[in-house]
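> Attaching a single structure in structure tokens format; questions to follow.
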């Protein structure tokens, strides 16, 4: 893969992921503009997220069956048209329908990963994965700011129209810039849909990486879900914007994930996963004093969330590198299995975190984070324990271990 392609694919990840998050800042503006209640306006975000989940399950496996360039161009093109329809929606039902279509097709970041893995030499895959993930993180962090500022200035339709222009422009550029690839699979579509489940059953390294991400993302989601309750509660009495400001500490991951990728290329994914899981455990301890409020508590929250964000994202780089090495010809199905497990873990973590908060407060949430990290760490230590010499596994990328 040539160097100019990497920044282009990174921007593609940022734009695609940003389409998921900028609507979150537009709820009040949509409610006012379409004369609906704020609660009703939140269905726009829900529809986008549900569409995205469906896209991961239904469309990402096609990355193994279809040439990646026309698939990427088609996804971005349809996503751009759906964003245009959303920006021109005259009423809430039309906006919700268009938002579901946006979510379904804005999965370009999930297709870019398998494409990049197939075009990159094994000893550079970690670095490229880290760079692409930094683009996704930047899109996630900047999208809310972009959506809120542009929406407040020009109305709620403006962010949709600007995002539509960006997606359509990217589609045109990618149609010329992305190299032609040959599909790795000839399986029919129903078999592709079943493929992620079969791979989870057959590939222990995929299960291991999926467990790491599901548990850590569950703890991450529990912390960030309950953080809003902590900051707006009696310990701090801050407004909701304080949560958004605190989330900006995650910008450090944009710089850290490329470095983590280089470490994966040099030492393999296992040491990086170990360091990241220990980092999540440390984050749980650092976050504990946040329950007390005051400047010391706020400092603990800033440092703890920063450590948690960096550990989770860098661990994702290592886990994805391991996943892509399992079956390079099935990268799309592997990514579907991995991301589905991650999102299921995140959803379960949000649900469980609120219930732990109700019973044990912030201390309980930190204990939940530590328990989930300990579960993943225990599995990791079992996987990397010495077990004598192993036979050669053939054409396997450097830095990976088969178990």
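> Could you list log10 I(q)/I(0) for the chain at q = 0.07, 0.09 Å⁻¹, which the Debye formula gives when each Cα is one point scatterer?
The Cα Debye sum returns log10 ratios of -0.32, -0.53.
> If you don't mind, another one. Send over the Kirkwood Rh of segment 5-183, from the inverse of the averaged 1/r over different Cα pairs, rounded to one decimal Å.
Working: mean 1/r = 0.0616 Å⁻¹.
Answer for segment 5-183: a Kirkwood hydrodynamic radius of 16.2 Å.
> Among 288-297, 321-330, 136-145, how do they line up by average Cβ neighbours within 10 Å per residue, starting with the highest? Please report the intermediate quantities before stating the final value.
Working: 288-297: 16.2, 321-330: 22.7, 136-145: 20.8.
Going by the mean number of other Cβ atoms within 10 Å, highest first, we get 321-330, 136-145, 288-297.
> Another question, then. Would you calculate the volume per residue, in Å³, of the smallest convex hull containing every Cα atom of segment 196-384?
Details: hull volume 20.5 nm³, N = 189.
In segment 196-384, the Cα hull volume divided by residue count equals 108 Å³.
> Mean residue ellipticity at 222 nm from the helices of the chain, using -39,500 (n - 2.57) per DSSP H segment of n ≥ 4 over the full residue count, to the nearest 500 deg cm²/dmol?
Values: 16 runs with 313 residues, N = 403.
Computed mean residue ellipticity for the chain: -26500 deg cm²/dmol.
> Shifting gears a bit: Relative contact order of the chain, please, whole-number percent, based on alpha carbon pairs below 8 angstrom and at least 6 residues apart.
Working: 691 pairs, mean separation 95.0, N = 403.
Answer for the chain is 24 percent.
> Going by how many other beta carbons lie within 10 Å of each one, how would you line up 56, 129, 107, fewest first?
Details: 56 22, 129 28, 107 31.
Listed from fewest to most nearby Cβ atoms, that is 56, 129, 107.
> Right, something else. How would 354, 102 line up from fewest to most surrounding beta-carbon atoms within 10 angstrom? Please report the intermediate quantities before stating the final value.
Numbers: 354 14, 102 31.
Lowest count first: 354, 102.
> Continuing with the same structure: Would you calculate the convex hull of the Cα atoms in segment 86-169 and tell me its volume per residue in Å³? Spell out each step's value before the answer.
On the way: hull volume 8.0 nm³, N = 84.
Cα-based convex hull of segment 86-169, divided per residue, equals 95 Å³.
> What is the ratio of the Cα radius of gyration of segment 3-102 to 2.2 N^0.38 Å, with N the residue count, to two decimals?
For segment 3-102, the normalised Cα radius of gyration comes out at 1.19.
No lab work stands behind these numbers, since they all come straight from the coordinates. None of these values were measured; they are calculated from a predicted model. Ideal geometry is used to build each Cβ from the backbone, glycine not excepted, and the neighbour counts take in all protein chains shown.
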